[in-house]
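The values are calculated or read from the model by the stated rules, or taken from the named source; none is laboratory data. Quick caveat, the model's predicted, so the values are computed rather than measured. Cβ atoms come from the backbone with ideal geometry, glycine included; neighbour counts cover every protein chain shown. Ligands, DNA and RNA are excluded from the accessible area calculation, which covers all protein heavy atoms including side chains. Shrake-Rupley method; radii C 1.70, N 1.55, O 1.52, S 1.80 Å.
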Amino acid sequence: MDGSWTAQLLAKSKNREKYPSFLFVPQCPPGSSWGVVPNLPVMDDLVFEAIKALETEFPIDETRRYVMGESLGGYGSWHFISTQPKMFAAAIPICGGGDPTLANRIVEVPIWAFHGAKDRIVPVEGSRKMISAIKEAGGNPRYTEFANEGHIISESFQKTEGLLDWVFAQQLSR
């Protein structure tokens, strides 16, 4: 997951004040995956372990964990909420895809997915199928598709009106 643009977005003065947060930006090593690419070592358990360790060391609100990623990170976002749906208050998968057969597990997870309609690296059908499957299972995910964009949509994504307000309004009930 390349989270540098996320860090840059949240590092802006106005956003630091309005949305105080602790960012954990794991990187998937080459030749491994977040559990979505067959025959590659899976790194997601390390991420879950690291999150738990960070929460014991720092005052992190466990009811406000959010997962966001682009490309392989988008696949990871779908995978993380599918395997640990009660761990995250919201998910923002960007240009990724997941397993539509697991949609019933994530109907209660607030999701706002993004994709470029002209994506030639990660087919837009991956996001469309997930959104459709979640709706069919009774969920109400949000979906924004940028009609004239390809795989790199970070600039348009960052300009999405109300995105940070929506994300930070999500909270797990305990």
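A few comments on the model shown:
- Among all positions in segment 127-148, there is at least one residue which is over 26 Å from THR83 (Cα atoms) and part of a loop (DSSP other than H, G, I, E, B).
- Filtered by the rule that a residue be open to solvent by less than 60 Å² (accessible area, probe 1.4 Å) and either polar (S, T, N, Q) or touching a strand residue (DSSP E or B) at 6+ places or on another chain (Cβ under 7 Å) (or both), segment 14-33 gives ASN15, SER32, SER33.
- If only residues of segment 112-132 that are among the hydrophobic types (A, V, I, L, M, F, W, C) and over 17 Å from the mean Cα position of the chain (by Cα) are counted, the one that is least open to solvent (accessible area, probe 1.4 Å) is ALA117.
- Checklist (1) open to solvent by less than 10 Å² (accessible area, probe 1.4 Å); (2) part of a strand (DSSP E or B) applied to GLY96, failing item: (2)
- Leading residue by the ranking (nearest to PHE157 (Cα to Cα)) among those in segment 46-82 that are of a type in the set (Ser, Thr, Tyr) and out of contact with any Asp or Glu (no Cβ under 7 Å at 6 or more places or on another chain): SER71
- Of the residues making up segment 145-157, those that are of a type outside the set (A, V, I, L, M), open to solvent by less than 50 Å² (accessible area, probe 1.4 Å), out of contact with any helix residue (DSSP H, G or I) (no Cβ under 8 Å at 6 or more places or on another chain) and within 16 Å of ILE92 (Cα to Cα) are HIS151, SER156.
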